[in-house]
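The values are calculated or read from the model by the stated rules, or taken from the named source; none is laboratory data. As the structure is a computational prediction, the values presented were derived from the model and not from experiment. A quick note on method: Cβ atoms are made from the backbone with ideal geometry, for glycine too, and the neighbour counts reach across all protein chains shown.
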Amino acid sequence: MKVVLTIDTEGDGAWTQRDKVTVENLRALPRFQALCDRYGMKPTYLCTYEVVRAEGFAPLIEWQRDGRCEVGSHLHPWTNPPFAKPESVDVDMSEYPGYPSELTADRFREKMRVLGDLIVSRTGRAPTSYRAGRWGFSAAQIPLLLELGYIVDTSVTPLIDRSHDKGVSRAGPDFSRAPVAPYRLSQHDICAPGHSRLWEVPVTIVHASRAMRNSAAARWAWSRIRGGRGTGLLNRALTLEPQWFRPYPWMDTAKLARVYRCARAMKLPVIDMMFHSSELFAGASTSFPDETSIERVFAMLEGAFARLQADGCTGVTLSDFVREDLGAA
């Protein structure tokens, strides 16, 4: 099994910023990269505009040149020019909290071209991997990403319905039908395999409960009652909600290992862990707000990486996985 680490590399407190964007969390990346190097992991840093232009981005240039990581693209419309309001500098609040899928084709192309050109100017290499901010991916983005030279997207979160989450004017996507394994995207349905040249490597999200994994009736029944009184206790006892391969505050090494074992039992060719760069730096996120919690997340990551290495899993960047294991041109 291959291991892909996809890091949303973005500003501090990306959901609370208003007038100014800061990227202090980039100071935590050398420690994280050293951890990855120790266990043979090769992270893919999916970077927003404010990150790529920052002084703290410089180490990523060296790491990518040395083959230790990949720099990809991550689009937050409200921090990525050209802005809807030309007078905006760092943030255009008229575009917050917009999904990239809300943008017109021309606006999406313009923003992605600005981000891609900036990455090229700093690294000397065009990005080929992408994740939509807030998971706002749509079929309309597929030909535009291909036009701009991308070969892989990692915006799909299987089993998760985001249609109740609002953007500026539209709701988020419903990924509940999406495959867990990598697939060529359909040109018309991002939750269906097809024949486009753009690959999808979904974030690894599985049902850790065997009953939920094997029974459509059990999943349907849970969907009808979830959120009701007492269902939180039921979920904690039986693990009825889909589980991410992600170092959430309520996860630990044992829980991450359980998700990994499920993915391995499903014979997935790759396991895709995601989290935010802000979750590695105290005070940059609400998930891990202080030094104690940061030490906990690093310990959790080290435990997970040690288990993966011991089992013979191989770390690989997102684009290299698609090229070498899936045969993308």
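Taking the options ARG113, ARG122, ARG162, name whichever one is within 20 Å of TYR96 (Cβ to Cβ) and surrounded by fewer than 24 Cβ atoms within 10 Å (Cβ to Cβ).
So the residue among ARG113, ARG122, ARG162 that is within 20 Å of TYR96 (Cβ to Cβ) and surrounded by fewer than 24 Cβ atoms within 10 Å (Cβ to Cβ) is ARG162.
Return yes when ARG170 is surrounded by 15 or more Cβ atoms within 10 Å (Cβ to Cβ), touching a residue at least 24 places away in the same chain (Cβ under 8 Å) and over 20 Å from the mean Cα position of the chain (by Cα) and no when it is not.
no
Taking into account only those residues within the range 282-297 that are within 24 Å of SER155 (Cα to Cα) and surrounded by 15 or more Cβ atoms within 10 Å (Cβ to Cβ), which is modelled with the highest pLDDT?
VAL297
How do the pairs read when you match residues in the range 32-55 that are assigned to a helix (DSSP H, G or I) with residues anywhere that are among the small types (Gly, Ala, Ser) and buried (at least 18 other Cβ atoms within 10 Å of the Cβ), using Cβ under 6 Å and keeping only pairs 6 or more apart or on different chains?
GLU50/GLY11
Give the residues of the range 296-329 that are assigned to a helix (DSSP H, G or I), out of contact with any Phe, Trp or Tyr (no Cβ under 7 Å at 6 or more places or on another chain) and under 25 Å from THR48 (Cα atoms), sorted by residue number.
PHE298, LEU301, LEU318, SER319, ASP320, PHE321, ARG323
Pick from the range 245-266 the residues that are free of Cβ contacts under 8 Å to residues at least 60 places away in the same chain, farther than 15 Å from PHE305 by Cα and not in a helix (DSSP H, G or I): which of them is nearest to the chain's Cα centre (by Cα)?
Taking the candidates together, the pick is TYR248.
What is the number of the single condition among (1) touching a residue at least 40 places away in the same chain (Cβ under 8 Å); (2) in a loop (DSSP other than H, G, I, E, B) that PHE288 does not meet?
The number of the failed condition is (1).
Being hydrophobic (A, V, I, L, M, F, W, C) and in a strand (DSSP E or B) is the filter here, so list the residues in the range 126-176 that pass it.
If the condition is that a residue be hydrophobic (A, V, I, L, M, F, W, C) and in a strand (DSSP E or B), then ALA132, VAL152, ALA171 are the ones that fit.
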